[in-house]
Every structure is written in structure tokens, then in C-alpha cells.
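Remarks on the structure that follows.
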Amino acid sequence: MYNAVICRYHEIAIKGNNRREFEKQLIGNMRHFLRDKVNCKVRQVRGRIWLEHPDRNALFSETELAAVREILSRVFGLESFSPARLVSPEMDAIRDAVAQMAPPVFAARFARQQTVSFRIRARRSNKEFPLRSKEIEIDLAAVVARGLENDDRLTVDLDNADITIGCEVRHEFAAVFLETFRAPGGLPVGCNGRVLGLLSGGIDSPVAAYLAMKRGCFVDFITFHSAPYTPPESVDKVRRLAEKLNAYQPAGTLYVCNLAPLQKQIRDLCTERNRTVLYRRAMLRIAEKTAHRHHCGALLTGEAVGQVASQTLTNMSTINAAVDMLVLRPLCGADKADSIRIAEAIDTYSISIIHAPDSCTVFAPSSPATSVPRHIADAEEAKIPDYEALLDAIADQAEVFPAGVAR
Ligand code: ATP
Ligand code: MG
């Protein structure tokens, strides 16, 4: 039934000079995701993006439309989209399209409910078109109602209709559509730079990465394991999470670092209760070095105030003070239940709950300190000979997985 898809984005985010950049990024991302999956043209025409079948006279198959729907539901920056039929910008062609497209959609509704309300919404950017928007709406309403004039199961509702038939008339074509699907909103990934996300196997950090992508950040990932004290499954899990998250962006790279050499030093030389904070400071420092090397402008964590012992204000301040780079914490004020809901929606939850020990749990103190002031952490780290060289070595030896793809 359809040979095009109308894609809509909010203009609020693109006011001013960055509008072109925003649109370029959005179209680039759409092309990336559609590539090899759906053969279509993607073009931007005044405030809308149109996906079109390469052959104007051919229609998309059901399989292609299902793929388009699945793909567009993952493209940040899009607000909604509607599969559409493009026809020549003439009233007869528009009427024919409505007459052909409406019956199956109405029949499907009538199969589910007693009465069905509808409305027509027309827009014309071609002001030379002989009918005005209102007149187009009245004309097409008559086409829909043809044969159903005395059927009181069909009603018109201009505010809250079950079915809205849209018609857009432009100079070069007219489009008719009957369904609108929500897209995820946000900003196109990449229009707000590149960040490095600290990805554990937990529930929160994948959600934090997702939220940063939604705000237009391209996310590379870094994870820490403690082989041989943590099993390979701990890293496999993170690789699967990175792969899931890469469904929302052109693939981010995963850096895998072994923290164990430093953890042994911390175990042997520092106060037991302070270990967790010292681990987390080391993670941030190694992440900062990695971010500088790969042109990431900020770090990203799944921390939320008050969630675990390392996330008291004092400990977060002490951890934060380890680096100069901006650290994004999108979950700062989130409840665990909020994170879980998002994790379920983006399908990372089922991976996150698989049991595999985290690097932070290696030599973990039975009772971690909830308040480690900065000067104490500094003094603890000063006890470790060649602390800085050890951090560099860990960053240097990172395993790199360009697309984070699981083995
Ligand atoms: P998560 O569910 O994301 O693991 P959490 O509530 O369990 O978070 P912590 O384990 O203290 O809290 O971790 C806080 C943040 O530190 C994580 O969200 C993540 O960004 C980072 N982090 C913790 N462990 C690791 C790790 N092994 N590798 C990379 N980052 C980590
Ligand atoms: Mg954790």
C-alpha cells in the first residue's frame, strides 16, 4: 500500500545555526541504519524527511515496512513517522489513493470495535493547489464515507479520532497516510559529540549510555575486569551489552581493561575499607586517559546519588576529583525502579541480571567506607609506587573491540 515513509522531527531542538548540522546528522544516522536492510532513498524536504521507494511506481513489501518500523523506532531525533503513498499532486490521484487505502484500515478497526471515528487532516505547502486545506478535508471525507452514508457506526471526530487520514500536498507530489507511529525523540546521535561510557555489567550503566545517546552523544565504552579473579563471562556480558546499545548508534568501540594489577597493589598497601573508592578513582583516571586518546569530550557513568556505598556525596566528590574531565551522570536523580524500566524497554535488563562478578567486587571490603575524604584517598594512592605508570600500562594494554560485537 505504501511507497514512502514521512518522518517528523521537532524543530525546537534545531532553532538557530545548528539546524543544518542536526538534519545532516539525523539523515546520516537514518541512512546508516537502513543501509543493507531496506532499499530506499532518504531525502529532506522542508522540515520533513522522506523515505521513498527507489521506483516511484513500486510499493514497499510488508517485510520492508516492518523493518522500517523497527529501525525508525531506534533513531534518536525522530518524533514520529507515517508510512505513506506518494501520488501526483492532483485531486483525482489523491482521491483514488484514499479510496484504495482507507477500506482495509477501517475494516481492521471495525473487526475490533463497534463504532469507528475518523478525521482528515490536510496540509498544502503548494499554495497554487486549486483546493484549500479545509476543502481537501471535506472532499476526502466524502470519499471515505462513500457507501457508508447511512451507517451510524462511522462517525467524524475532529479532536480524538480513531483513524486520522493525513494528506500533504506539495509541488512535486501529494502524500496520503493513515497511521502514525511514535519514534524515540531526543537528538540525533553524534550531534553532541563523543563521550566514553564506563560500562559495567550492571543495570545502570547501559541505561546511562542509552540516555546520553538520546541527548545526541555518540558513546564509546570502557569496561574493567580483574582477570584471573573475574571470569571471562564478566567481559562477555559487557560485550553483549555494548552490542545492544550499538543498535541506537553507528557502532561505538569497546575498550576492555584489566584492573587487577592495580587492585593487588591497593589490596596490599591501602586500608581495606577504602578499596572501593580507590578502584573507582582508578577506573575514572584510566577512562580519562583513554578518552583523551580517542577524542571523547566527557566521561559517562551510571552513578545515582545514594545507591551504594561508593555513591554517597563525599565518596562521589572524592571519586570525581580524580579527573578533570566532565563526568556525565544521567541517572543522578533516578530511582532504581526508573533504571529497571528503561533497561527492560531497551532490552539490556535480561543481560544485566545474569550473574557475573564485577571488577569492583574483587578483594571487596566487607564493610566499605561511606565517607572517604579526598585527602585520605590522595594519601592512600601515594603509598602505591609508580601509581601513574600502572594506570598508563593498564590503559595501554586495553583490548579494543571496534564494534563491541560479541564473539
Ligand atoms: P551499575 O548497575 O551500572 O553497575 P551500580 O549501581 O552497580 O551501577 P557501581 O557498581 O558503584 O553502581 O558503579 C557505578 C558506576 O561505575 C557504574 O554505573 C559504571 O559506570 C561504573 N563502573 C562500575 N564498575 C565498572 C566496571 N567494572 N567497568 C566499567 N565501569 C564500571
Ligand atoms: Mg555495579
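The values are calculated or read from the model by the stated rules, or taken from the named source; none is laboratory data. Please read these numbers as outputs of a predicted model, since none were measured by experiment. Every residue, glycine among them, receives a Cβ derived from its backbone with ideal geometry; neighbour counts consider all protein chains shown.
Results for (1) among the hydroxyl-bearing types (Ser, Thr, Tyr); (2) more than 11 Å from ligand 1 (Cβ to nearest atom); (3) more than 24 Å from the chain's Cα centre (by Cα), shown as yes or no for each residue.
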residue	(1), (2), (3)
Asn315	no, no, yes
Leu326	no, yes, no
Ile351	no, yes, no
Ser359	yes, no, yes
Ser366	yes, yes, yes
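Considering only segment 104-122, I want to know if a residue exists there that is in contact with an Asp or Glu (Cβ under 8 Å, 6 or more places away or on another chain) and closer than 18 Å to Asn3 by Cβ.
Among the residues of segment 104-122, at least one is in contact with an Asp or Glu (Cβ under 8 Å, 6 or more places away or on another chain) and closer than 18 Å to Asn3 by Cβ, which makes the answer yes.
Being of a type in the set (D, E, K, R) and either within 12 Å of ligand 1 (Cβ to nearest atom) or touching a Ser or Thr at 6+ places or on another chain (Cβ under 7 Å) (or both) is true for just one of Glu288, Glu303, Glu233, Glu272. Which residue is that?
After applying the criteria, what remains is Glu303.
Looking only at segment 281-291, decide whether some residue is under 18 Å from Ala395 (Cβ atoms), within 14 Å of ligand 2 (Cβ to nearest atom), modelled with pLDDT of 95 or more and part of a helix (DSSP H, G or I).
Looking for residues that are under 18 Å from Ala395 (Cβ atoms), within 14 Å of ligand 2 (Cβ to nearest atom), modelled with pLDDT of 95 or more and part of a helix (DSSP H, G or I), one finds at least one in segment 281-291, hence yes.
Go through segment 299-314 and give me each residue that's more than 14 Å from ligand 2 (Cβ to nearest atom) and more than 20 Å from Phe218 (Cα to Cα).
Listed by number, the residues that qualify are Val305, Gly306, Thr312, Leu313, Thr314.
Does at least one position in segment 310-319 carry a residue that is of a type outside the set (Ser, Thr, Tyr) and under 30 Å from Ser73 (Cβ atoms)?
Checked against the condition, which is being of a type outside the set (Ser, Thr, Tyr) and under 30 Å from Ser73 (Cβ atoms), segment 310-319 yields no hits at all.
Could we say that Lys214 is under 21 Å from Cys296 (Cβ atoms), of a type in the set (Lys, Arg) and either in contact with a Phe, Trp or Tyr (Cβ under 7 Å, 6 or more places away or on another chain) or within 14 Å of ligand 1 (Cβ to nearest atom) (or both) here?
For Lys214, the condition - under 21 Å from Cys296 (Cβ atoms), of a type in the set (Lys, Arg) and either in contact with a Phe, Trp or Tyr (Cβ under 7 Å, 6 or more places away or on another chain) or within 14 Å of ligand 1 (Cβ to nearest atom) (or both) - is met.
Cβ-Cβ distance below 7 Å, separation of 6 or more or different chains: which pairs start in segment 54-74 with a residue that is aromatic (Phe, Trp, Tyr) and end on one that is surrounded by 12 or more Cβ atoms within 10 Å (Cβ to Cβ)?
Going by the 7 Å Cβ cut-off, the qualifying pairs are Phe60/Tyr2; Phe60/Asn3; Phe60/His53.
Kindly indicate which of Thr180, Thr164 is at pLDDT 90 or above, in contact with a Ser or Thr (Cβ under 6 Å, 6 or more places away or on another chain) and within 25 Å of Arg46 (Cα to Cα).
The unique qualifying residue is Thr180.
Based on this model, can you work out whether Leu140 counts as under 17 Å from Pro103 (Cα atoms), crowded, with 21+ Cβ neighbours inside 10 Å and in contact with a Ser or Thr (Cβ under 8 Å, 6 or more places away or on another chain)?
When the stated conditions are applied, Leu140 does not pass them.
Specify the residue that is nearest to ligand 2 (Cβ to nearest atom); the eligible residues are those in segment 352-401 that are touching a Phe, Trp or Tyr at 6+ places or on another chain (Cβ under 7 Å) and either modelled with pLDDT under 95 or among the aliphatic types (A, V, I, L, M) (or both).
Among residues in segment 352-401 that are touching a Phe, Trp or Tyr at 6+ places or on another chain (Cβ under 7 Å) and either modelled with pLDDT under 95 or among the aliphatic types (A, V, I, L, M) (or both), the one nearest to ligand 2 (Cβ to nearest atom) is Cys360.
Can you find even one residue in segment 161-173 that is of a type in the set (D, E, K, R), in contact (Cβ under 8 Å) with a residue 60 or more places away in the chain and surrounded by 12 or more Cβ atoms within 10 Å (Cβ to Cβ)?
Yes, the conditions are met somewhere in segment 161-173.
Look through Ala291, Ala298, Ala343, Ala322 and report the one residue that is touching a residue at least 60 places away in the same chain (Cβ under 8 Å), buried (at least 16 other Cβ atoms within 10 Å of the Cβ), among the small types (Gly, Ala, Ser) and in contact with a helix residue (DSSP H, G or I) (Cβ under 7 Å, 6 or more places away or on another chain).
It is Ala343.
Tell me the strands (runs of 3 or more DSSP E) entirely within segment 1-113 that contain at least 3 residues that are surrounded by 16 or more Cβ atoms within 10 Å (Cβ to Cβ).
Qualifying strands (runs of 3 or more DSSP E): 4-8, 48-52, 80-87.
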